[in-house]
Every structure is written in structure tokens, then in C-alpha cells.
Amino acid sequence: MNVPLLDLRPQHGELREEIIERVVQVIDSTRYIQGPEVEALEQEVADYCGTSHAIGVSSGTDALLVALMALDIGPGDQVLIPPFSFFATMGVVLRLGARPVFADIDPISFNINPDRVEEILAADAGRKIKAMIPVHLYGQCADMERLLGLSQRYGVPLIEDAAQAIGAQVPLAAARTWPRAGSMGLAGCFSFFPSKNLGGIGDGGMVICQDESFARKVSLLRNHGAHPKYYHALVGGNFRLDPIQAAVLRVKLPRLESWHAQRRRNAQRYHDLFSSFGFADDERLQVPEAVHEPQARSCATNVNYHIYNQYVIRVHERDALRDRLQEQGIGSEIYYPLGLHRQHCLSDSADMPEMKHTEQAAKETLALPIYPGLTEAMQEYVVQTIRSFYR
Ligand SMILES: *Cc1c(COP(=O)(O)O)cnc(C)c1O
């Protein structure tokens, strides 16, 4: 059986006609830069996430970059990030001439550990840390309750890297609410890269926020800082979202919740299959905990509404298992094999302090197929293949 890591065809199959029609409308409109499709998508994403502002940009990377630019991050500044993320989380810091400061992750959630964040902020006597970027890795929100508290206490703005987590939710006990990923910090950044839960047919991204003046600055920066046209009080860039992408994303957005639900159902199926094969007490393989249903959501428990952009297990002999899966026609991926603090583009990567949990996760994690449209038979085959590897 062939089980790819991701197959977009089941999703695109049913939307094909509608997508083509909307793309043709954009072509016929001759509005190819900004315009009504982009504005409509911005409004729809803002409504979905519960924010007052959304600014379409050219990618998730540019969403992060423009958010840091709006904070005037530059040389001499530091930005606090987790070392276990996609490169963009660090790349944008370096591109602005600032330095990343790393807080190691929690080994269960793989998200930044607020205890480490607190230690680092408390020790930052020179107040060089000008922003923090928690990442909602794999579609599960970081511990926002504590991170927002630290952001406030130390006066360090919080930008959410929600590239993998559009629609995820997390309880904030203090506010007795379940805000969506990206809507809690000063700004949240999304990616519409095709493999994200809401993906375009090319690159795209968005910044969401509640603060009007921040939104205004981001929207100026995305278009060379021009206001009015050809008058530049700020140096921005071309970070605009393409209307063709906006048109496709508008077809997909109303289906997003049902795709989240299918990914969550698939995650629960994996959990049940692994349990029925007796992996519950096997130290060689740790699987994510059972899926929490929305009805069970309560502000008393720190349980996330995880959207499973990735379903990631932690295993012994990871690389040999991955080879076996590949031989059997099963796709998998390592997100990520090398911590950001060890990347060679950092001149001092060799001198970085050890990030124990990141280094262990980089050796042990493996993402399995989880996309909507994955069948029960495919999941049984994946779990059977893993089971026979460990027997
Ligand atoms: C995908 C991703 C990005 C970058 O998004 P692009 O649209 O590919 O530029 C940033 N951060 C994380 C955590 C991501 O997964």
C-alpha cells in the first residue's frame, strides 16, 4: 500500500471546479495586486480568529519579518525563540541584524518551556530582549497563559508563530475564554504554504492583531512603507499577498474546521491503534496523548484544541524505522533534524549552550501521515508496519 506523508488531491478533488472558477474571475478582473479578494480574505480570517485586523502578506516568513520590522527590531536587539522550529523563526531575527536567544522546549508538547523563558527574561538585566516568538508547533498552542503573563511582567512584546496552527485554541483561565492561535499576542503570523492546514496553491501568509496602530504599520511595511503612493516615511518591502492565492484560500477557509476535525479523528485513530497493539507501556515508542474533544474543553484544564498539522511520535531507532516505512511505501518526515542553535549559519553555533530537550527531539521525532482523506485502512497499515519493526 502507498501512504504518502501528505496528499492534497482528496481535498482539491471536491473543490476543483470552484477553485478554477474563482481563479478565472481574478484573471478576468485584471486586479492582480491587492484588491477585493485580498481584503475579503483578510476580513474572513480576522472574523475566524476573533481579531480586529488581518493583513495578507507574501508568506509565513514575511509575516514574521514584517511583524518584527513593525517593532523596529534591529542590530543590538535580541529576540527570544525556541530552538526547535522551522528555520524562518530564527531567519527573520538574523535578517534584521538582531540575535536569537534560545529557550529550550518542553519534552512533551515540544513547545517553548515557560520556565526557561522566565529564567532568561529575569537574567536580561540590560533589557536587550525586545520580543519573544513562541511557536505553536505541529498545530498545538504553546502555554500562552504563562507566556502572556511573562510578556506583560517584563514588557517584552509577544509575536506568535502560528504558521502551523491556524484555528488551534488554548484556554486562558484568567479570561475564561478559548482564543485562537495568533490572536493572543501583540500579533500572530500565519503561513499558507500548501502543507499547512489552510494552504494556497503557492506561497502566502497573514499577520493578525488587535492593535490598530500596529496593524497600520504592518500594512504600510508590506507595501514599501508607502503612504500616500510614492511617499515613504518607513522603509518596508514588497510583502503583498497575491489575489489568486486569496481567491483559492477563500474557497478553502469555510472547509477548514471540517479538515481540522478529520485530522483530529485521524489522531484519535492512531492513538487507539497504537494502544490496541500494546504500545502504551513500550518505552521505544511514545505517541501523543488522546485527542480532547471540544465538549470536554474546560478552562480548568490546560488542554489544547490541537489541529494536528503534524502527528509526531517519539521513537527509538528513528532513522531505521523511517527507512523501513519508506521501503513499505509510507511517507514520514523529521521536523526538525537539527536545532536552530546548531545551524551553521550562526557563527557561534558551536558555542551555544546545550538545549537538551531540543537535541533529544531532533533525534527521536517522526511525523506520520495525518492529512484529511487518509483512510482507516491506511492508518492500520502504518501502525502495523511500525509494530512489526519493533517486534
Ligand atoms: C511554515 C512555517 C513558517 C514559514 O512559512 P512560509 O509560508 O513557508 O514562509 C514559519 N514558521 C513555522 C513554524 C512554519 O512551520
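FYI, it's all coordinate maths here, none of it is from the lab. Keep in mind it's a predicted model, so treat the numbers as computed, not measured. Methodologically, a virtual Cβ is constructed for each residue, glycine included, from the backbone with ideal geometry; neighbour enumeration extends over all protein chains shown.
General remarks:
- For the range 170-275, the list of trypsin sites (Lys or Arg not before Pro) that fall in a loop by DSSP and count at most 14 other C-beta atoms within 10 angstrom reads ARG176, LYS229.
- Counted charge near GLY200, where neighbours are those whose Cβ lies closer than 13 Å (Asp, Glu -1; Lys, Arg +1): +1
- The value given for the range 86-236 is a Kirkwood hydrodynamic radius of 16.5 Å, derived from the mean inverse Cα-Cα separation.
- Of the chymotrypsin sites (Phe, Trp or Tyr not before Pro) found in the range 170-232, those in coil by DSSP whose Cβ has at most 14 other Cβ atoms within 10 Å are TYR230, TYR231.
- For the chain: lysine pairs under 24 Å (alpha-carbon distance), excluding those fewer than 8 apart on one chain: 5
- Cα gyration tensor shape of the range 250-391, rounded if a/c is under 1.5, else prolate or oblate by comparing a/b with b/c: oblate
- Residue by residue, the range 30-45 carries 3J(HN,Hα) couplings of 6, 8, 9, 10, 6, x, x, 5, 5, 4, 5, 5, 4, 5, 5, 5 Hz when phi is fed to the Karplus relation 6.51 cos²θ - 1.76 cosθ + 1.60 (θ = phi - 60°); x denotes Gly or Pro.
- Local electrostatic count, GLY278, Cβ distance below 14 Å [Lys/Arg +1, Asp/Glu -1]: -1
- Compared with the rule-of-thumb size 2.2 N^0.38 Å for a compact globular protein, the chain has a Cα radius of gyration ratio of 0.99.
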